[in-house]
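The values are calculated or read from the model by the stated rules, or taken from the named source; none is laboratory data. A quick note: this is a predicted structure, and the numbers were derived from the prediction, not measured. For neighbour counting, all protein chains shown are included, and Cβ atoms are generated from backbone atoms with ideal geometry for every residue, glycine included.
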Ligand code: ASP
């Protein structure tokens with residue numbers, strides 16, 4: 001049901017096994033961060049800020065928290081380097097901005113927003129994106145801003161296993177290193193506008209130049225005022241092949257589903273077609289919130305129709 005004038009907001013901090021969250025202190029740390037960031041987003045929306053402003057604010061704050069795999073907490077690729085992807089989308093007119101394989105930038109989501117508003121393009125990558133960041137006057141972050149001891153250790157373990165892995169991967173008993181996650185934020189403001197943002201360091205030990213779903217419009221992120229806003233987290237290759245965010249939007253558009261039904265149908269499709277690993281958060285055009293995941297857990301939280309703040313694994 002439409003709640004005219006009310007706002008809704010959801011954020012996620014990645015999907016996976018999160019076995020390390022057996023530890024109470026770690027769980028509290030994640031949930032406190034998600035709750036704090038939702039409260040910031042609430043303030044933006046209550047002060048009349050747009051859905052776009054809310055998702056950019058929340059995504060930037062998530063990028064600034066080193067426990068998540070985005071911004072300063074980004075995981076490392078096969079060469080021990082940070083390569084980040086991010087995208088933002090405005091459901092009012094389907095305008096979108098994305099960046100891929102960028103480094104030395106504290107807030108890739110803000111660069112994606114510049115691509116959307118200050119360029120005639122939707123996506124810029126690698127050096128071209130970094131030159132555009134300079135053009136927009138964005139400061140470069142120093143290397144040590146990203147290289148946390150946890151990330152270096154996580155890469156060392158992934159290399160030993162000769163594998164790539166989700167930040168919160170479900171595999172292997174050794175999960176101490178799997179404690180961070182890709183981030184996303186979606187919102188519906190009081191005017192009924194939808195927006196979505198997703199930002200990530202990708203997957204651990206990924207090939208240099210690998211781009212995941214997060215910056216791909218329709219895969220890791222999508223927003224359309226007529227349907228819903230979606231942000232995904234998990235194995236990007238699964239989401240790209242199923243175009244999962246747009247698939248969920250199409251279910252709302254063509255089958256008149258609400259957020260809960262479209263999320264369930266989208267997750268069923270993801271699982272059946274490719275055995276997809278990960279999850280999504282969804283807010284539909286009426287402000288209803290839903291989440292679904294195929295992994296053991298997904299760190300996320302929401303404020304539905306301006307109500308209480310809920311945080312979950
Ligand atoms: N979806 C991201 C990627 O594949 C990773 C994640 O969500 O943890 O790059």
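Computed quantities for the displayed model
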{"item": "Subset tally (residues that are assigned to a loop (DSSP other than H, G, I, E, B) and more than 21 Å from residue 100 (Cβ to Cβ)) for the range 138-160", "result": "2"}
{"item": "Leading residue by the ranking (surrounded by the fewest Cβ atoms within 10 Å (Cβ to Cβ)) among those in the range 80-131 that are more than 16 Å from the ligand (Cβ to nearest atom) and modelled with pLDDT under 95", "result": "80"}
{"item": "Unique residue being within 12 Å of the ligand (Cβ to nearest atom) and either farther than 26 Å from residue 158 by Cα or surrounded by fewer than 21 Cβ atoms within 10 Å (Cβ to Cβ) (or both) when the list is 240, 208, 254", "result": "240"}
{"item": "Some residue of the range 72-86 being in contact (Cβ under 8 Å) with a residue 24 or more places away in the chain and part of a helix (DSSP H, G or I)", "result": "yes"}
{"item": "Enumeration of residues in the range 287-310 that are within 26 Å of residue 43 (Cβ to Cβ), in contact (Cβ under 8 Å) with a residue 60 or more places away in the chain and crowded, with 18+ Cβ neighbours inside 10 Å", "result": "287, 288, 289, 291, 298, 299, 300, 301, 302, 303, 304"}
{"item": "Residue list for the range 192-203, filter: more than 9 Å from the ligand (Cβ to nearest atom) and in a strand (DSSP E or B)", "result": "194, 195, 196, 197, 199"}
